[in-house]
Amino acid sequence: LLDSLSGCIKFGVYELCKQFSLAHVPEEHRELSNFVSAAVAFIACSVVLVPGELLKTKLQAKMYPGVRACIAGVWKEGGMRGMFQGYKEILVRDVPYT
């Protein structure tokens, strides 16, 4: 579910950025503009993607018995900040490939 929502956000933001780029960025800078559009789109979707990746990783490592327990445990350990553990690492990993 979170991956689907993340994808919707990413492609929606990318299309908005691309339309802006077509209207305001000179043709010779279009490739860079496309990269920036993709990076902005990934950063926008990361608000949903990163907590989902964190929960998935913890569940795969069998650190928690289920999704509810995982959310509760992460929240108890770190609150909202806890849900975004590894945020920078995911950006470094994924933005260049977006």
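Below is a table of values for the structure above.
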quantity	calculated
Cross-chain or 6+ apart pairs with Cβ under 7 Å, the range 4-28 first and in a helix (DSSP H, G or I), then surrounded by 12 or more Cβ atoms within 10 Å (Cβ to Cβ) and β-branched (Val, Ile, Thr)	5/48; 6/48; 9/48; 13/40; 17/40
Residue match in the range 32-51 (condition: at pLDDT 90 or above and more than 21 Å from the chain's Cα centre (by Cα))	no
Number of positions in the range 50-94 that are hydrophobic (A, V, I, L, M, F, W, C) and open to solvent by 30 Å² or more (accessible area, probe 1.4 Å)	12
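The values are calculated or read from the model by the stated rules, or taken from the named source; none is laboratory data. Being a predicted model, the structure only gives us computed values, none of them experimental. Using ideal geometry, Cβ is built from the backbone for each residue, glycine included, and neighbour counts are taken over all protein chains shown. Each accessible area value is taken on the protein alone, full model and side chains, heavy atoms only, with ligands, DNA and RNA left out. Shrake-Rupley method; radii C 1.70, N 1.55, O 1.52, S 1.80 Å.
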